[in-house]
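Only the coordinates and a few stated rules stand behind these numbers; no lab work does. Small disclaimer: the values here were computed from a predicted structure and weren't measured. Every residue, glycine as well, gets a Cβ built from its backbone with ideal geometry; the counts of neighbours run over all protein chains shown.
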Amino acid sequence: MSSSSLSYVYRPTTEEGIIDAFEDAEAFGLPVALKGGGNSYGDAFQCPEGIVIDLTRMTRILEWSPQTGIIRCEPGVTIEQLWQYTLPDGWWPPVVPGTAKVTIGGAVAANIHGKNCFAVGPIGDHVLEFELLTPTRDKIHCSRTENSDIFYAAIGGFGLLGVIFSVTLQMKRVHSGLLKVEPVSVASWREQFSAFERLTGGGQADYVVGWVDAFSSGASSGRGLVHGAWHLGPGEDAHPEETLRASAQALPDTFAGCLARSQLFRFMRPFVNRFGMRMVNAAKFRSGKRESGRIHRESLARFSFLLDAAPNWKLSYGKAALVQYQAFLPIERAPEAFDRIVGLSQDRGMVPLLAVLKKHRQDSFLLSHGLDGYSLALDYRVPQKARDAMNSLARALDEIVLENRGRFYFAKDSTLFLGAPAAVWGEDAVAEFLAIKRRLDPESVLQSALFTRVFGTVAPPSVSAPAEERPQEWEQPSTVGADEDEVGPPPWALPGESEGKPR
Ligand SMILES: Cc1cc2nc3c(=O)[nH]c(=O)nc-3n(C[C@H](O)[C@H](O)[C@H](O)COP(=O)(O)OP(=O)(O)OC[C@H]3O[C@@H](n4cnc5c(N)ncnc54)[C@H](O)[C@@H]3O)c2cc1C
């Protein structure tokens, strides 16, 4: 809801279908973006007036070993389909995001993190291998030892190098469908971070997540509720055969016994504004104080996928856009920088309605958002008339993040500026990524709206179809995201190759 575009959408079910789409892109000179479940908060899967290859119909589980927990599947399999398939055998995905509607292809392309990132890293750390189908129709087998440069670039490469075609993943052994959960009420930023350090330190919890009341200020700034959760060990669950059943994880169809979950967003709508959410946040903080310390058990799905309990929750934003801004900061800089980020949002009258804190660890992927530190994800409700104000706030927040050596995450981004990748990862890392792209996608077929926004505009592939075969409306693909004059050399052009292709 933060951006929209019109595209030609292909929904292949086979390798041939994907190849057909690439052939059409080549024939008609159109750029291509890849789409999984469409859960990214910005334009990572969009391709205005180009082709979007939607991979959600490629949902086959290709191999599964209940002995080793190794699974190989097609990219459109969702996290939900994955755990429903493996949980009865005692295996759970090693990393899950806040919604189970994400596909495995989208998860690997974004290198998603979960509430256990501080301990186990992002999903890429659990991928054993994958096949990448490039726009040149090559299928490349990638692992830590085979084509390892592509392995470390395509995980977190946001679909810019090729289609992640099949993924082999190591699942996590679990002995129960339940988690032991401890809520901890915290009255300030200092208490937030000390609860995290305690829960992620000795006697380490498996998962930790913090909710922050972004309306709080002064001494109570950063107040909220932290949840730590532990898997149950062997023998701790008296009836694992029951709790491991997929049906035992299902969320009830109604909320509070009467309101259909599918209609919950209508009930939420009157509260999703500055005044309503100030009340909701204050009430949540008060109820959190009562809950604090009461250790209880919760199903894996309920703890992990809180927002799935209210399907279509984003519709509660009405006509306004939902802009998420997630800042990643090194551990020693995070407390002060997050306080500044929330304070500046308040000063500008744009208080995030929801704020979520997580702890991360560094990983080895090329353009990774992961670092030894914390992230704060902020949800802003942005009516059309406040878009400029949001963009100006985002620029000011970018400065705070960059001056503190922080990072961003494209899955959550819709505001980052042209040149942001070099500012975050440095010129060398970006040059390395673009050199790999140049090798795998020499015609720069893969160009999502995200790509042109942060890496720069590149001419789409040249038209190869004879004029009489081109559909009328494809005759002149309009300039997307830039004036014709602005179409320059591809950012990976070698010296001497400075001419951008004519559109
Ligand atoms: C409610 C909610 C909670 C979330 N919580 C978290 C969280 O806790 N942690 C987290 O890390 N993220 C989180 N996210 C973000 C989400 O996990 C990522 O955006 C993820 O990439 C979405 O996957 P998708 O299948 O919907 O892919 P899409 O959003 O459709 O695409 C994501 C990217 O992957 C690329 N892509 C998709 N499929 C393929 C493929 N087969 N091959 C190559 N590239 C491909 C696309 O081009 C795009 O760049 C959350 C999102 C929502 C809506």
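Return Ile71, Ile123, Ile104 ranked ascending by Cβ neighbour count within 10 Å, so the fewest neighbours appear first.
Fewest-to-most Cβ neighbours within 10 Å comes out as Ile71, Ile123, Ile104.
If you take every DSSP beta bridge fully contained in the chain, what fraction is antiparallel? Give it as a percent rounded to 5. Could you put the intermediate results ahead of the total?
Values: 63 of 72 bridges.
The antiparallel proportion sits near 90 percent.
Return the subset of Lys101/Lys319; Lys35/Lys172; Lys101/Lys412; Lys35/Lys319; Lys319/Lys385 for which the Cα-Cα distance in this structure is over 19 Å, preserving the input order.
Listed pairs above 19 Å: Lys101/Lys319; Lys35/Lys172; Lys35/Lys319.
Any chance you could get the radius of gyration and Dmax over the Cα atoms of the chain, in Å?
My reading of the Cα-based Rg and Dmax gives 22.8, 72 Å.
Take Asp253, Asp125 and order them by how many other Cβ atoms sit within 10 Å, fewest up front.
Going from sparsest to densest Cβ surroundings: Asp253, Asp125.
Looking at the chain, identify the longest residue range that excludes and avoids all GluC sites (Glu not before Pro) in DSSP loops having at most 15 other Cβ atoms within 10 Å.
1-145
Work through the residues other than Asp54 whose Cβ is under 10 Å from its Cβ and net out their charges, Lys, Arg +1 and Asp, Glu -1.
+3
Relative contact order (percent) for the chain, with alpha-carbon contacts under 8 angstrom and 6 or more residues of separation?
Dividing the mean separation by the residue count of the chain yields 19 percent.
For segment 319-412, state which trypsin sites (Lys or Arg not before Pro) are in a DSSP loop and have at most 16 other beta carbons lying within 10 Å of their beta carbon. Show your work: numbers first, answer last.
On the way: sites: Lys319, Arg333, Arg340, Arg348, Lys358, Lys359, Arg361, Arg381, Lys385, Arg387, Arg395, Arg405, Arg407, Lys412; in loops: Lys319, Arg333, Arg348, Arg361, Arg405.
Sparse-neighbourhood loop trypsin sites (Lys or Arg not before Pro): Lys319, Arg348, Arg405.
Only counting other Cβ atoms within 10 Å, I'd like Ser7, Ser375, Ser462 sorted with the fewest neighbours first. Don't jump to the answer; show the numbers that get you there.
On the way: Ser7 21, Ser375 25, Ser462 11.
The order, fewest Cβ neighbours first, is Ser462, Ser7, Ser375.
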